[in-house]
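Visitor: The structure is given below, and queries will be raised subsequently.
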Amino acid sequence: MKLRLLAILATAIQAAPTVAAPIQDKWTAEATESRGGIDYRTLLTFTYDGAVSSFNGRAEWKVAVLCEARNTASGKLDVFNRATKSILAQGAWEGDLGDRNYFHLDPGYKDDKGRIEDPGKLEVTDKRCASGRPTVVNDLAPKPASAAPAAVPAKASPDRIGNNGKKFDGYLWYHNGSDMLVDEEFGEIRYDKPKASISKVVKPGDVLFRGVFSKDGTVEGTAYAFKVGCPPAEYAVKGRYPKPVTFVNGRMTLTGPGPKFKPGSCEYTLSPASGHSKLVLDAHSDV
């Protein structure tokens, strides 16, 4: 007997509301590919909150699409984000990525003993993304790719090893009323004490930024924006890190088109006018 990997996840709830509700399920699919000296990675995060399609009444999943392209020679990382929707049809998932591009995910299947008989396939027509054999994880947190530290989930793990091969050990900084911890060698900025107004959605240990702090003071990677009931919205940022960090010369600014969420929805578009498009952090003391 063949069991679809996502059969349980894809059960339609016909009586569910069409508006956003608390998340009921979430999972990820990941694929990697190398072409012409570039390592590509695609991460699809599927979130189901009870919505149904107004077209056919099937369960409608929100999909956050993250594509990364890292130059193996220079280390430069380009990131592409898109929010879309998808339903299960004939054992596969599809979503519109705009500009006539789309993704098609066949998750494959296992036999009744849990052995993979069909590894499945992820096809993404946008050449900024990876296509190939997908890894499907019944969780929001996929395993990190060694070449793409910016793409692991925004929830910090106490056992995670950073860019420097060590565990996280950050210095105190301030960001928009919240206490933050910055470990430039590890490659992360985490919330230590979120301010009261965001404490329902942001918890201590949540990651604001993950990427690379270069020796020349440049910073580049992925930032995360949070909304109640939604997976973290990922977007590319870059900026400068003061060297050396002192109390009088301790400001770090990261910029990039940030998420603008649609009302009552986890969908978002990226805009330089977003309130998340400029992140300013100030050091607590000399580092």
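Visitor: If r is the Cβ-Cβ distance from Asp282 to Lys85 and R0 is 45 Å, what FRET efficiency results, to the nearest 0.05? Walk me through the numbers on the way to the answer.
Guide: On the way: r = 39 Å, r/R0 = 0.87.
E between Asp282 and Lys85, to the nearest 0.05, is 0.70.
Visitor: Enumerate the amide H contacts of Ser274 below 5 Å, restricted to partners 5 or more residues apart or on another chain; note that Pro and chain-start residues carry no placed amide H.
Guide: Residues meeting the criterion, in which the H sits 1.01 Å from N, are Gly258.
Visitor: At 0.36 nm per residue, minus the direct Cα-Cα distance, what do Lys127 and Lys238 gain on full extension? Give it in nm, one decimal, please.
Guide: Net length gain for the segment: 37.7 nm.
Visitor: Based on the Cβ-Cβ distance from Asn101 to Ser54, what FRET efficiency comes out when R0 is 30 Å, to the nearest 0.05? It would help to have the intermediate numbers written out before the result.
Guide: Working: r = 23 Å, r/R0 = 0.78.
My answer for the efficiency is 0.80.
Visitor: Using the Karplus equation 6.51 cos²θ - 1.76 cosθ + 1.60 (θ = phi - 60°), what ³J(HN,Hα) coupling, rounded to whole Hz, does each residue of region 75-83 give in order, writing x for Gly and Pro?
Guide: x, 5, 10, 10, 10, 10, 10, 7, 10
Visitor: Here's a follow-up. Which whole-Hz couplings ³J(HN,Hα) result when phi for each residue of region 45-52 is put into the Karplus expression 6.51 cos²θ - 1.76 cosθ + 1.60, θ = phi - 60°, listed in order with x for Gly and Pro?
Guide: For region 45-52, the Karplus curve yields 9, 9, 10, 10, 10, x, 6, 10 Hz.
Visitor: How long is the gain from Thr72 to Lys200 if the chain were fully straight, where each residue apart is worth 0.36 nm and the alpha carbon distance is subtracted? Display every interim value, and only then the final one.
Guide: Values: separation 128, 0.36 × 128 = 46.08 nm, distance 3.94 nm.
Length gained, Thr72 through Lys200: 42.1 nm.
Visitor: Follow-up question, since we're still on this one. Looking at this model, which pairs from Lys121/Lys200; Lys26/Lys238; Lys26/Lys200; Lys26/Lys121 are more than 26 angstrom apart at the alpha-carbon?
Guide: Values: Lys121/Lys200 38 Å; Lys26/Lys238 29 Å; Lys26/Lys200 20 Å; Lys26/Lys121 19 Å.
Beyond 26 Å: Lys121/Lys200; Lys26/Lys238.
Where a number appears in this text, it was derived from the coordinates with a stated rule and is not lab data. Quick caveat: nothing in here was measured; it's all calculated off a predicted structure. Here Cβ is always computed from backbone atoms with ideal geometry, including for glycine, and neighbour counts include all displayed protein chains.
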